[in-house]
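Rule-based calculations on the coordinates, nothing more; no lab input. A quick note: this is a predicted structure, and the numbers were derived from the prediction, not measured. Backbone-built Cβ (ideal geometry, glycine too); neighbour counts: all protein chains shown.
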């Protein structure tokens, strides 16, 4: 059976400028349906209705950081099994190791090339086990 | 000398003293002296003779002082002991001096050790501060840089609509420099990882030919801007190395980009692979102006720049990082250059035998991670 296509991406990112760039890169440029949340609380509240295929998660956020957000999203049925990709400037080896231990699908370091972001995420989606 | 003989001697000695005391006879005194000397020669102990002398003197009575000269044989007998005693005193004094000196030196050494320990603690503190600073800067710079670089990247793709010629030029300047800034931040982080030993390597067998083809394809667009033509010369069949593919690609990107930057327009940049013993040598040859002689010795130093034109091309960290990465793979990065006719950068790495899962030949390779 063919894998379901990747359509809806939930972006959890507190920086409004990066929200703009990322949503343009994935939406207008990449052709995905993107829902932007500025915090973990917003993401948890929106996940049930938006039903994302994939979650793109920043790490450094005030209040609950990306790791806590991942744990919170795993705790609700709508996102319990949704693949997560971290999009972060925190890419020291021990940090990347921690993301992998938490079950993230991949880590995309900031700064990234927005014109290549959609293709990168598609490749990650296709290569998942 | 028997007890009887000693007793007789004591009597004779006392008598001689008695005679001297009564008459002042020098001959009696000399006799007492000789008796003492002979007794000592015959084996009577010095202490025993001293006691006999005391007893004989006491017997003189009337408080008359014992004639000092009679007992001179005792002083003579004791002279070596006196010398020994003085020698011992001198040695003791020397030992005390030496001991004091040693104690002083020990105190100084302890002081120096404590100072060195304090300096080490201080250096570690500074190192931790530096790492923390780099981490903070890394995040604080990368976050706004993500927006700037991202926005320029999308604008360059035409997402915001068509720009006029001047607009395109200005956008290109801004985008090119944001790329430089991204590279600089990434390089500084890489250096920090290398220095702190936290750079990790995902080592796998890599077949060299497809890997180099991919490296050339990845850099072709960049090289075209400088009019350089990248090409792959013959590569030995089934040649493998064991490496972290991303990190080795970073090395190739650096060598190919440098060669392209310094190539004359339409100049060839040739990548070649040769087998040498248990080693594979990957070389990147350009036909540029060659490396200035006074720069060759410091080309692998951080922030090293040959001249202002080179400084505009990069921060001067790439080669230093490439060298560290190659060395982490148990290899060696070097170059050959001639003014006016070009430069060849190369790296040697142990050739890997994928069937045995080991280097093809045992060699003096440093351990791989």
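PRE reach from residue B:355 (point 7 Å along Cα→Cβ): which of the range B:228-261 fall under 18 Å by backbone N? So the set is B:236-242.
Quick one: if the Förster radius is 51 Å, what FRET efficiency do residue B:105 and residue B:3 give, using the C-beta to C-beta distance and rounding to 0.05? Efficiency computed from Cβ-Cβ geometry: 0.30. Projected onto its three principal axes, the C-alpha set of the range B:129-239 covers 50, 44, 21 Å, listed from the longest axis down.
For residue B:92 and residue B:19, a Förster radius of 41 Å and the Cβ-Cβ distance give a FRET efficiency of 0.35, rounded to the nearest 0.05. Rounded to the nearest 500, the helix-only mean residue ellipticity at 222 nm of chain B stands at -21000 deg cm²/dmol, with each DSSP H run of n ≥ 4 adding -39,500 (n - 2.57). When the P(r) of chain A is calculated, the portion above 20 Å amounts to 38% of the C-alpha pairs. Over all Cα atoms in the range B:204-359, the spread is summed up by Rg and Dmax: 15.1, 49 Å.
The packing ranking of peptides B:253-259, A:73-79, highest mean first, is B:253-259, A:73-79, where packing means the average number of other beta carbon atoms within 10 angstrom of each residue.
At R0 = 22 Å, how high is the FRET efficiency between residue B:163 and residue A:28 if r is their beta carbon distance? Nearest 0.05 is fine. That pair, residue B:163 with residue A:28, gives E of 0.80. Working note: 222 nm ellipticity from helices only, DSSP H runs with n ≥ 4, each -39,500 (n - 2.57), summed and divided by the residues of chain A, gives -12500 deg cm²/dmol to the nearest 500. Relative to the longest principal axis of the Cα atoms of chain B, the long axis of helix B:245-261 lies at roughly 70 degrees.
A simple spin-label model places pseudo-atoms 7 Å from Cα toward Cβ; at residue B:327 and residue B:85 they are separated by 7.1 nm. Orientation-averaged projection of the range B:3-87 equals 5.6 nm² [convex hull of Cα atoms, one quarter of hull surface area].
Normalised size of the range B:37-186, defined as Cα radius of gyration per 2.2 N^0.38 Å with N residues, equals 3.26. According to the square roots a ≥ b ≥ c of the eigenvalues of the Cα gyration tensor, what is the shape class of chain B, taking rounded for a/c under 1.5, prolate for a/b larger than b/c otherwise, and oblate for the remainder? It comes out prolate by the Cα gyration axes. Note on the protein assembly as shown: antiparallel DSSP beta bridges, both residues inside, total approximately 60 percent of the bridges counted.
Using the Cα coordinates of the range A:26-96, the gyration tensor eigenvalues translate into equivalent-ellipsoid semi-axes of 19, 16, 11 Å, sorted from longest to shortest. Legend: P(r) of the protein assembly as shown from all alpha carbon pair distances, 10 Å bins from 0, whole percents, reading 3, 13, 17, 16, 12, 6, 3, 3, 3, 5, 7, 7, 5, 2, 0. Axis of helix B:318-328 versus longest Cα principal axis of chain B: the two differ by about 60°, to the nearest ten degrees. Computed from Cα positions, the angle between helix B:72-156 and the longest principal axis of chain B comes to roughly 10 degrees.
The distance between label points at residue B:172 and residue B:113 comes to 6.7 nm (points 7 Å beyond Cα on the Cα→Cβ vector).
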